[in-house]
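*Asks:* One structure follows; several queries about it will come next.
Rule-based calculations on the coordinates, nothing more; no lab input. Remember, it's a predicted structure, so these values are computed and weren't measured experimentally. In this analysis, Cβ positions are derived from the backbone assuming ideal geometry, glycine residues included, and neighbour counts consider all displayed protein chains.
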Amino acid sequence: MISDEILMLSVKNGTLDSLAPLFERHHVRLFNFFLRLTGNRETSEDLTQSLFQRILRFRHTYKEGHPFRSWMYRVARNLHADHYRKNKVRAEEFYEETDYSRQTERLAADEMEKKERKRSLLEALDRLPPEQKELLVLSRFEGFKYEEISQIKGISVAAIKVRVHRAMGLLREIYFETTGEGGKKS
Amino acid sequence: MKCQEASSQLAGLLENSLETTLADEVHQHLGQCENCREEWEQYKVLMAEFEAVEDVQPGPRLRENFLSMLEIEKSVLEQAEPKKSNLVEPVFWKHAFLMGKIAAGLSLLLGGMWIGKQQATIAPGGDAPVKIVDNTVVTGLRTEMDAMKQMMAIYMMDQRSASKRIQAVSYTDDISILSPDLFEALLRRLNQDDNVNVRLASLNSLTRFANQENVRAALLDSLSRQTNPLMQIMLINLMVEMDEKRARGPIQELLDNAVTPLEVKGKALQGLGQLL
């Protein structure tokens, strides 16, 4: 498997086609990253597309030896921050999305239950302050280690850890208040 | 340990990042305090909720738009550079008819598989799932789909645009059996494509089948054919990984060749040491 870093160096050196395999490897995860932050499918597709465009335009800023994934997510969160400043999108739009609804229609009954569960978790996440929500998306959904999040956000590992724990605490309060199950669910 | 302290450690306990003594103290407190235990249970539920969320697939529009954007960016870049000749034959359109047939067959198969899946998962009474479709039918459909996918990839590999050829090569990433036709097509891309990234993608695909002797021999042979330093380095790495002793000859030749770039020579020397 050719590493992301070699492909990105190739892009940096002018072989723009090397971006195609990077797109194939990462676009689904990035789309989901944006989807969890914005709650809107169309916006997330646009942001994913813009991200790869930014990677091309700013390819000269990629430094050899730097982990590609961290660099890419740094660009991604800047992109999302710009978007967030311009629009504040509500989570409900995600659930009213036609494509998404069509997709869920195909699911069997147990799948529908899963969707309900997803809704309350994402709704609870949406009620967190943006920075805490982003931290939980990076650590819990994208699976980044605290060291990696520290590289992406440019904050110390210790600070990231404290903030993630605080965010989890707040999410717990919101989630169990939202679902009204008070921890009886197991 | 008091409730406030125990509560502040629960997120750490959840990700197993507490030191053993501290974790033991928290557990001990949880054993005695019902309120904190309830809080702890809630954390566990929350973690399970995170794990239960599945990825959503983006629409096909995303890939299409990406490829168009890439072409535009390339043409902007090319304006500043002299154009290279394109040696790839535009045979793609000659096969448009066949492509249409393959696509139609593929949708039928996908449709069949989808219906099969629905029938297999929705139970008449709504309780336990009842299997209506025989597994062998689904497996048969999958094998046929695999074959269709291979055929489609082979025809798409001859497209003019390098990014589309990379895409075609990457279609074969999840196939389980390498047909002789696909093998030949990937080998042609590996050794003859004028774009190094298509060659790299083909190498990536073929590497998955490197346990087959014919593929192994072809990769070995390719080492003497490649002139691009990146390809030479990737192949040397692969030979070392596979512990392919027969590669010592071609690697030695690279080392002895006056035109071989220094970074490749370094890698060659290192590789020879590892293949002893």
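*Asks:* What distance in nm separates the simple spin-label points at B:GLN32 and B:ASP55, each placed 7 Å from Cα in the Cβ direction?
*Replies:* 4.7
*Asks:* Can you list the HN-Hα couplings for the range B:25-42, worked out from phi with the Karplus curve (6.51, -1.76, 1.60; θ = phi - 60°), rounded to whole Hz and with x for Gly and Pro?
*Replies:* Listing the rounded values in order: 4, 5, 4, 4, 5, 4, x, 9, 10, 5, 4, 5, 5, 5, 4, 4, 4, 5 Hz.
*Asks:* Another question, then. What's the exposure ranking of A:SER150, B:SER163, going from fewest to most Cβ atoms within 10 Å?
*Replies:* A:SER150, B:SER163
*Asks:* I've got another one for you. Can you give the FRET efficiency for B:ASN214 and A:GLU5, using 1/(1 + (r/R0)^6), R0 = 30 Å, r = Cβ-Cβ distance, to the nearest 0.05?
*Replies:* In this case the efficiency is close to 0.45.
*Asks:* Using a ≥ b ≥ c from the Cα gyration tensor of the range B:3-45 (square roots of the eigenvalues), is it rounded, prolate or oblate, where a/c under 1.5 gives rounded and otherwise the larger of a/b and b/c decides, a/b for prolate?
*Replies:* It comes out oblate by the Cα gyration axes.
*Asks:* How long are the three semi-axes of the equivalent ellipsoid for the range A:37-87, computed from the Cα gyration tensor as the root of 5 times each eigenvalue, in whole Å, largest first?
*Replies:* They are 22, 10, 10 Å, listed from largest to smallest.
*Asks:* Same structure, new question: Fewest first, what order do A:PHE141, A:PHE52 take by the number of other Cβ atoms within 10 Å?
*Replies:* Arranged by neighbour count, lowest to highest, A:PHE141, A:PHE52 become A:PHE141, A:PHE52.
*Asks:* Also: Based on the Cβ-Cβ distance from A:ARG74 to B:SER68, what FRET efficiency comes out when R0 is 22 Å, to the nearest 0.05?
*Replies:* 0.30
*Asks:* Could you list B:LYS245, A:LYS86 in order of exposure, starting from the residue whose Cβ has the fewest other Cβ atoms within 10 Å?
*Replies:* Ascending Cβ contact count within 10 Å gives the list A:LYS86, B:LYS245.
*Asks:* Right, here's the next one. So which of B:LYS74/B:LYS149; A:LYS12/A:LYS63; A:LYS63/A:LYS153; A:LYS12/A:LYS153 end up more than 21 Å apart, counting from Cα to Cα?
*Replies:* Checking Cα-Cα distances, B:LYS74/B:LYS149; A:LYS12/A:LYS153 exceed 21 Å.
*Asks:* Describe numerically, in nm with one decimal, the distance between label points set 7 Å from Cα along Cα→Cβ at B:LYS44 and at B:VAL76.
*Replies:* If labels sit at B:LYS44 and B:VAL76, their model points lie 5.4 nm apart.
*Asks:* Each residue of the range B:215-223 in order: what ³J(HN,Hα) in whole Hz does its phi give by Karplus 6.51 cos²θ - 1.76 cosθ + 1.60, θ = phi - 60°, with x for Gly and Pro?
*Replies:* 5, 4, 5, 5, 5, 4, 4, 5, 4
*Asks:* Once fully extended, how much extra length lies between B:ASN16 and B:LYS2, figured as 0.36 nm per residue of separation less the alpha-carbon to alpha-carbon distance?
*Replies:* Taking B:ASN16 through B:LYS2 to full extension adds about 3.0 nm, to one decimal.
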